[in-house]
Amino acid sequence: MWGNRLSAERLQEEWSVALTRSPQRPAIMGILNLTPDSFSDGGRYLALDAAVAQGRRLIAQGADILDLGGESTRPGAAPVSAQAEIARVAPVIAALARDGAPPLSVDTMKPEVARAAMAAGATIWNDVTALRYAPDAPDVAAELGCQMVLMHMQGEPRTMQAAPHYEDVTAEVCAFLVGRAEAALAAGVARDKIWLDPGIGFGKTLDHNLTLLARLDAVCALGFPVLLGASRKRFIATLHPAAEAPDARAPGSIAAALAGAAAGVAAVRVHDVGETAQALDVWSAIRAAGSA
Ligand code: HH2
């Protein structure tokens, strides 16, 4: 059941996303990691030309939004200074913005990096710490006036997979997300700028991930647009060991994206943009035929 029609409309209005293929399915946020060590595409787009070319490729394949990151969040990833992160992301954002690219998002925990990214042309701050990394993060988000993605994570990236524990993962993730949305609102972030993300793989076991994917309707019911990021994550290889290599996980990633579409998420964050666009277009056409 598509529970988030309003969110699809808001995507068009607020994020100026041109949903040319179908307004009735989640938008696609294409991932562009400008890091040496991301779990899936690390090291491939360190040079400016290669990064911009990949951004353009993802747009041509159907990305409605691009998410650019300069620091890996995988367990054990090396920490990066704000200056180094800015040097990785800002020139690529500026070059793509000059192209007239779709909305650009920066995947960072650091307010200084978000500030530099917005100055370069980004309009969305995707924060896996949900504005908890620095005390001034909520104030900076309000000041920047950008779209704000607040993601759930138990623990911190270095140790989050050591021993994740929940009594009721869906209820706890929802309560956390509501609390972070309230913190953002209290700092002055506008309600219609806030997006929520259950944080698949961030301090979660296989069972936690599957429960959340099965209960995305509860996250959507919180009343904010929902972003789902399950692409190429480890749980896919746990379920299907032949997909040990991250770039062999597109089919499992698409299965998760379709579960998100059925629950009413507003956007999916994916590496395999063309394949996901095809799956979502077919899914939404079947759905439309069924309700005609
Ligand atoms: N997952 C990753 C990074 N950022 N942001 C949101 N909102 N949701 C997610 O699920 C999410 C995210 C991890 O994936 P990736 O960027 O491919 O890897 P890495 O962190 O190693 O760069």
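Go through the stretch 24-59 and give me each residue that's among the aromatic types (F, W, Y) and within 18 Å of P79 (Cβ to Cβ).
Selection gives F39 alone.
Taking the stretch 227-246, which residues are assigned to a helix (DSSP H, G or I), touching a Lys or Arg at 6+ places or on another chain (Cβ under 7 Å) and touching a residue at least 12 places away in the same chain (Cβ under 8 Å)?
Result: I236, A237, P246.
Checking W125 against (1) under 30 Å from D217 (Cβ atoms); (2) surrounded by fewer than 24 Cβ atoms within 10 Å (Cβ to Cβ); (3) not β-branched (V, I, T): exactly one of these is not met. Which one?
(2)
Quick test of your reading of the structure: G252 fulfils all but one of (1) open to solvent by less than 20 Å² (accessible area, probe 1.4 Å); (2) more than 11 Å from the ligand (Cβ to nearest atom). Name the failing condition by number.
(1)
Somewhere in the stretch 167-177, is a residue under 19 Å from the mean Cα position of the chain (by Cα), aromatic (F, W, Y), at pLDDT 95 or above and within 13 Å of the ligand (Cβ to nearest atom)?
Looking for residues that are under 19 Å from the mean Cα position of the chain (by Cα), aromatic (F, W, Y), at pLDDT 95 or above and within 13 Å of the ligand (Cβ to nearest atom), one finds none in the stretch 167-177, hence no.
For V80, only one of the following conditions fails: (1) modelled with pLDDT under 95; (2) over 13 Å from V113 (Cβ atoms). What is its number?
With respect to (1) modelled with pLDDT under 95; (2) over 13 Å from V113 (Cβ atoms), V80 is out only on (2).
In the stretch 35-62, which residues are modelled with pLDDT of 95 or more, within 15 Å of the ligand (Cβ to nearest atom) and open to solvent by less than 10 Å² (accessible area, probe 1.4 Å)?
Listed by number, the residues that qualify are A51, G55, L58.
Across the stretch 210-237, what is the number of residues that are open to solvent by 30 Å² or more (accessible area, probe 1.4 Å), under 23 Å from S105 (Cα atoms) and aliphatic (A, V, I, L, M)?
Count: 1.
Could you tell me how many of the residues in the stretch 114-141 are under 23 Å from D64 (Cβ atoms) and within 16 Å of the ligand (Cβ to nearest atom)?
So the count comes out to 11.
Only one of these is closer than 22 Å to A267 by Cβ, surrounded by fewer than 20 Cβ atoms within 10 Å (Cβ to Cβ) and of a type in the set (D, E): D207, D192. Name it.
Sole residue among the options that is closer than 22 Å to A267 by Cβ, surrounded by fewer than 20 Cβ atoms within 10 Å (Cβ to Cβ) and of a type in the set (D, E): D192.
So is F202 farther than 23 Å from W125 by Cβ and either of a type in the set (S, T, Y) or within 16 Å of the ligand (Cβ to nearest atom) (or both) or not?
No: the conditions fail for F202.
Here is a yes/no grid of residues against (1) within 18 Å of R132 (Cα to Cα); (2) touching a His at 6+ places or on another chain (Cβ under 6 Å); (3) in a helix (DSSP H, G or I):
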{"residue": "T170", "(1), (2), (3)": "no, no, yes"}
{"residue": "G179", "(1), (2), (3)": "yes, no, yes"}
{"residue": "A186", "(1), (2), (3)": "yes, no, yes"}
{"residue": "F202", "(1), (2), (3)": "yes, no, no"}
{"residue": "T211", "(1), (2), (3)": "no, no, yes"}
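Does the stretch 216-226 contain at least one residue that is touching a residue at least 24 places away in the same chain (Cβ under 8 Å), of a type in the set (D, E, K, R), part of a helix (DSSP H, G or I) and more than 13 Å from the ligand (Cβ to nearest atom)?
For the stretch 216-226, residues touching a residue at least 24 places away in the same chain (Cβ under 8 Å), of a type in the set (D, E, K, R), part of a helix (DSSP H, G or I) and more than 13 Å from the ligand (Cβ to nearest atom): present.
The values are calculated or read from the model by the stated rules, or taken from the named source; none is laboratory data. These numbers were taken from a predicted model, which means no experiment stands behind them. Note that each Cβ is placed from the backbone with ideal geometry, even for glycine, and that neighbours are counted across all protein chains shown. For accessibility, only protein heavy atoms count, side chains too; no ligands or nucleic acids. Shrake-Rupley method; radii C 1.70, N 1.55, O 1.52, S 1.80 Å.
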